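Quick notes on the structure that follows.
The values are calculated or read from the model by the stated rules, or taken from the named source; none is laboratory data. Just so we're clear, the structure is a prediction, and the values are computed from it rather than from any experiment. Cβ: placed from backbone, ideal geometry, glycine included. Neighbour counts: every protein chain shown.
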Amino acid sequence: MGLFDRLKQGLQKTSKVLNTDVRDLFRSGEILTEEHLSKFERRLVESDMGVTASMAIVEELRKNHKGRTVDVDAIWTTVREKLQSLLEGEEGVTWDPDDPLSPLNRAESGPTVILVAGVNGVGKTTSIAKLANLLHKAGNKVVLAAGDTFRAAAVEQLTMWSERIGCEIVTRPSGTDPASVAYTGCERALETGADFLVIDTAGRLQTQKNLMQELEKIRRVIGNKIPGGPHESLLVLDATTGQNGIVQAEQFTDVISSTGLVLAKLDGTAKGGVVVAIRQKMGIPVKYIGVGEQIDDLQLFEPQTFAEALVAE
C-alpha cells in the first residue's frame with residue numbers, strides 16, 4: 001500500500017465527515033451562498049481544524065466561488081490547495097516522499113540525538129519504536145535509551161521493540177534518574193559510532209512542574225555530552241485528544257524547544273483536522289503521523305499528500 005493509500009485509510013473517519021458535509025451543503029447547480037459557507041465553516045471547526053484555519057479556508061472559497069454555480073470538484077480543489085498551504089508553513093522543512101527521514105534535523109558529525117516527549121497514554125513509546133524502525137530500515141545504526149524509568153512496562157515494551165527491530169537499547173533499573181539514562185545512551189552512541197540515538201522520556205502531565213524540570217535536566221545532560229544535542233526534540237500528541245493537544249504542545253514547547261510533532265492515533269479519530277489547528281497555532285511542523293498499530297504505520301507527514309488524503313472520497 002502506497003503512502004497516499006495508507007494516509008487515506010488512516011484519515012477515512014475524518015474525510016468521510018468532510019465529504020458527507022460537502023455533499024449535504026454544496027449541491028451541483030445551486031448558487032453558493034454565504035449560508036452554505038457559514039455551515040461549512042462550522043463543520044470544519046467540528047473536525048478540530050481550528051477557528052483560524054477554518055476561517056482561512058472558507059475565505060478562500062468565498063473569494064473564488066461565492067455567488068457562482070456550485071462545482072463540487074472545483075470547491076474541493078480550493079479546499080485542498082488551501083489546506084496544503086496552511087500545513088506547509090514557512091519554516092522551510094523538507095518533506096520528500098522518497099526519503100522518510102527528510103524532515104529530521106541531523107548532526108553535522110557524530111550521532112544525531114532525538115529526544116521524544118509526551119504525556120502518558122499518547123502512544124509515545126510505540127511511536128519511538130516505529131521511528132527507530134524507520135531509521136533502521138534506512139540503513140542507520142540506532143541506539144535507544146529507555147528513559148521512562150518510572151514505568152517498568154514502558155522499558156519492557158521498548159526493549160521488546162528493540163529486539164524485534166534489531167537495534168541496541170540502553171536500560172537502567174526502575175526509578176533510576178532519567179538524565180543518567182540519557183547520559184549513558186549518549187556514551188553508548190558515541191562508543192558504537194551510532195548514527196542516531198533516540199531517547200524516551202517519562203510520560204508526564206505538562207502541569208507537573210518537577211517533572212518538566214527533569215526534562216530540562218535531560219536536555220542539559222545531552223548537550224554537555226554531545227554538542228548540539230538534542231538535534232531533534234519531538235513531541236508526540238494523541239490526535240484523538242483534539243484541541244487539548246494544543247495545550248500540551250504549548251507547555252512542552254517551552255521546556256524542550258520542540259522542533260517537530262508526531263501525531264499518533266490519527267486512524268482512530270474523526271477529527272484529523274487537529275493537525276491543521278496545531279500547525280497554525282504552534283508554528284511547529286508536523287513531521288510524522290501514526291496511522292495504525294503496526295510497526296510500519298508511522299508515516300512521513302507530507303503536506304500535499306496529507307491534504308489530498310484528508311479530502312479524498
Odd one out for Ala117 among (1) within 19 Å of Met282 (Cβ to Cβ); (2) surrounded by fewer than 24 Cβ atoms within 10 Å (Cβ to Cβ) | (2)
Looking at (1) surrounded by 17 or more Cβ atoms within 10 Å (Cβ to Cβ); (2) at pLDDT below 90; (3) of a type in the set (D, E, K, R), which is the one condition that is false for Arg188?
-> (2)
Is there a residue in region 162-185 that is at pLDDT below 90, on the phi > 0 side of the Ramachandran plot and of a type outside the set (Lys, Arg)?
-> yes
How do the pairs read when you match residues in region 302-313 that are in contact (Cβ under 8 Å) with a residue 60 or more places away in the chain with residues anywhere that are in a loop (DSSP other than H, G, I, E, B) and surrounded by fewer than 20 Cβ atoms within 10 Å (Cβ to Cβ), using Cβ under 7 Å and keeping only pairs 6 or more apart or on different chains?
-> Glu302/Pro97; Thr305/Pro97
For region 116-131, state whether one or more residues are in contact with a His (Cβ under 8 Å, 6 or more places away or on another chain) and either at positive phi or in a loop (DSSP other than H, G, I, E, B) (or both).
-> no
If we take region 1-65, then helices (runs of 4 or more DSSP H) inside it with 1 or more residues that are farther than 13 Å from Val79 by Cα, at pLDDT below 85 and not aromatic (Phe, Trp, Tyr) are 3-10, 12-25, 34-46
The number of residues in region 276-287 that are at pLDDT below 80 and within 12 Å of the chain's Cα centre (by Cα) is 1
Would you call Ala153 small (Gly, Ala, Ser), part of a helix (DSSP H, G or I) and farther than 21 Å from Glu302 by Cα?
-> yes
Can you pull out the residues in region 130-162 that are under 15 Å from Leu101 (Cα atoms), touching a helix residue (DSSP H, G or I) at 6+ places or on another chain (Cβ under 6 Å) and surrounded by fewer than 23 Cβ atoms within 10 Å (Cβ to Cβ)?
-> Asn133, His136
Would you say Ile226 is under 24 Å from the mean Cα position of the chain (by Cα) and in contact (Cβ under 8 Å) with a residue 12 or more places away in the chain?
-> no
Number of the exception - Gln304 against (1) of a type outside the set (Gly, Ala, Ser); (2) modelled with pLDDT of 85 or more; (3) within 15 Å of the chain's Cα centre (by Cα) | (3)
If you check Gly273, Gly242, Gly290, which single one turns out to be modelled with pLDDT of 75 or more and farther than 26 Å from Asn133 by Cα?
-> Gly273
